[in-house]
Structure formats: C-alpha cells, structure tokens
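Since the structure comes first, as structure tokens, the remarks are kept for the end.
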Amino acid sequence: MPDGYAIKNIDEMEATFGGGFKLARAELGVEAFGLQVIDLPPNVGDNYPEHDHSEDGQEEVYVPISGSGEIQIDGEAHALSPGLIVRVGPGVKRRLQTGNQALRVLAIGGVPGQAYEISEGTKLGTPDPLARQS
C-alpha cells in the first residue's frame, strides 16, 4: 500500500462480526485514529451493544452514510440519517439501532490529547468473534 494514499471499496473490505464491522482503518492503513464502517441490518434491537468508553477515554463520531436508524445516547433516542454527524464523549452510553431499513455508519474514534493505539480487534486477519469455533 502506498504511503501517500489508499482507495478501497467499503463492500470489499475485510469485516468481523458477521460482516457488520468493516475494518476500514486497517484496510486504508490509517494509524492516527480509529475508523470503522458499521453495517446494521433492519430491525436491530439490543443486538448492538450499549457501551461507553469510560475505561479508555475514547470519544467517537458517527456519520450515517446510508439508510436510517437511531442512536440511543444515555437512553435518549436520536434519529440518524445521511447528512447528520454525532459526537459522543467517552463517559456517555450509546447504542445504534435500526427500524425497517438497514444503516451504514462511519465510526471515527480517538482519545483526546493522546496518540492513537490500534486495538487488536481492528487489525486485518482478526478472527471474527461471531464465527463458531470448531
């Protein structure tokens, strides 16, 4: 991969979580911040985990690319559709959900004031946690 640029089709990127978590950061060679594409099918309820980043201090930005859904922020629902951008701080609980449409979201993350540390789960070749072990 050239040092100066990388071009990849999202649908051709390696993914985990049954194809729903595209490893965009690794595929593009990004090392300065977290970058993933999340594909959620229609009617995702509690399957997407509610979480925060109190332990690691990471803030996240969500950019809906296609479809629609909502983000629950500290229990309050906010509609998501292309054209919106949402920032969620480290200690705030969040969960993505969908209704009758699928949702594709670009998720960007990092810890304010710190160098980005690549997590093992975002590296290429990472075993899919949803794949059954034989």
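Since Val105 meets every condition but one in (1) in contact with an Asp or Glu (Cβ under 7 Å, 6 or more places away or on another chain); (2) touching a residue at least 60 places away in the same chain (Cβ under 8 Å), which condition does it not meet?
Evaluating Val105 over (1) in contact with an Asp or Glu (Cβ under 7 Å, 6 or more places away or on another chain); (2) touching a residue at least 60 places away in the same chain (Cβ under 8 Å) leaves (1) as the failure.
Report whether or not Val105 is among the aliphatic types (A, V, I, L, M), out of contact with any helix residue (DSSP H, G or I) (no Cβ under 8 Å at 6 or more places or on another chain) and either surrounded by fewer than 16 Cβ atoms within 10 Å (Cβ to Cβ) or at pLDDT below 95 (or both).
Working: among the aliphatic types (A, V, I, L, M): yes; out of contact with any helix residue (DSSP H, G or I) (no Cβ under 8 Å at 6 or more places or on another chain): yes; either surrounded by fewer than 16 Cβ atoms within 10 Å (Cβ to Cβ) or at pLDDT below 95 (or both): no.
Against the criterion (among the aliphatic types (A, V, I, L, M), out of contact with any helix residue (DSSP H, G or I) (no Cβ under 8 Å at 6 or more places or on another chain) and either surrounded by fewer than 16 Cβ atoms within 10 Å (Cβ to Cβ) or at pLDDT below 95 (or both)), Val105 does not qualify.
With the condition being closer than 30 Å to Tyr5 by Cβ, I'd like the strands (runs of 3 or more DSSP E) fully within the stretch 19-134 carrying at least 2 qualifying residues. So that I can check it myself, show each step before the final result.
Values: elements: 34-40, 59-67, 69-73, 76-80, 86-88, 94-97, 103-110.
The qualifying strands (runs of 3 or more DSSP E) are 34-40, 59-67, 86-88, 103-110.
Please work out which one of (1) under 24 Å from Val111 (Cα atoms); (2) exposed (fewer than 12 other Cβ atoms within 10 Å of the Cβ) is the condition Ile71 fails and give its number.
With respect to (1) under 24 Å from Val111 (Cα atoms); (2) exposed (fewer than 12 other Cβ atoms within 10 Å of the Cβ), Ile71 is out only on (2).
Can you tell me which condition Pro112 does not meet? The list is (1) touching a residue at least 40 places away in the same chain (Cβ under 8 Å); (2) out of contact with any strand residue (DSSP E or B) (no Cβ under 9 Å at 6 or more places or on another chain), and all the others hold.
(2)
The values are calculated or read from the model by the stated rules, or taken from the named source; none is laboratory data. None of these values were measured; they are calculated from a predicted model. No Cβ is skipped: glycine too gets one built from the backbone with ideal geometry, and neighbour counts run over all protein chains shown.
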